[in-house]
Amino acid sequence: MDIKQMWQQLCLPHDMLEEYPDISHGVTFGVQHRSHWFAVVFKQDFQEIYVYNHIFLSSEQVERVKDEWETWSGPQLWTLVSDLVGWDTVIQPKELDDFYIKSLSWYGNGSDCGPEMIQVLLELILENGVVVDEDTQWPLKPDFTCSHLFREQMLHEILISAQDSYFVWKSNHTMAMLEVQHYDNDIIMEDIQSIFEDGLDNQCNIQETIKLLTRL
């Protein structure tokens, strides 16, 4: 399955869009620009772009800012996403001015942008969607939990997923399914292979795997 076919599976069915024309159709994703992470929403219906904390501030405040989306390849991403999800009548990037690109910024300490981006994405995708100010139609800042606690939650979920994946692998191995014989020659991949062969039945091995994965 190619990338475009996978995207098509994520799109709303055309018959649903025709039956409910007021459904908001957009794409939400995270962007890494240099060493900074932030969230972006492309909205087809009103041809709007929402950018969350691309330009973080040095003081405790929230501001509406002008975003130079060319710096993070925004026009190219707009064209790519539009093509992937089949937005036939989408506006061209050069036609998008400051009216369409709404960027919100807040304080950033230089280390919590990753957890904050994930919290923004969770809020946008699983909770309330894009919430805007009624007067300005500018996006509002989502509420965040402590980044330290959120990191622990993320690690906990990763550990559980790693253990679940191991149990699936172990079950398939027991069923004498075809084994993957090829491993990357990189020493880190060899270490991870060794841990999987020894078993991930205890927390110590799981934590060691996470440490190795962070070095890839």
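The values are calculated or read from the model by the stated rules, or taken from the named source; none is laboratory data. Remember, it's a predicted structure, so these values are computed and weren't measured experimentally. Don't worry about glycine lacking a Cβ; one is built from the backbone with ideal geometry, like all the others, and counts go over all protein chains shown.
Overview of values
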{"read-out": "Checklist (1) without any contact (Cβ under 8 Å) to a residue 60 or more places away in the chain; (2) in contact with a His (Cβ under 6 Å, 6 or more places away or on another chain) applied to CYS113, failing item", "value": "(1)"}
{"read-out": "Residue that is surrounded by the fewest Cβ atoms within 10 Å (Cβ to Cβ), among those in the range 106-144 that are modelled with pLDDT under 85 and β-branched (Val, Ile, Thr)", "value": "THR136"}
{"read-out": "Residue count, the range 25-55 (criterion: touching a strand residue (DSSP E or B) at 6+ places or on another chain (Cβ under 8 Å) and among the polar types (S, T, N, Q))", "value": "3"}
{"read-out": "Contacts under 8 angstrom Cβ, first residue in the range 161-182 being at pLDDT 65 or above and among the small types (Gly, Ala, Ser), partner in a loop (DSSP other than H, G, I, E, B) and surrounded by 10 or more Cβ atoms within 10 Å (Cβ to Cβ), 6 or more apart", "value": "ALA162/LEU200"}
{"read-out": "Residue ranges of helices (runs of 4 or more DSSP H) in the range 1-103 with at least 1 members within 29 Å of PRO115 (Cα to Cα) and at pLDDT below 90", "value": "3-10, 74-85"}
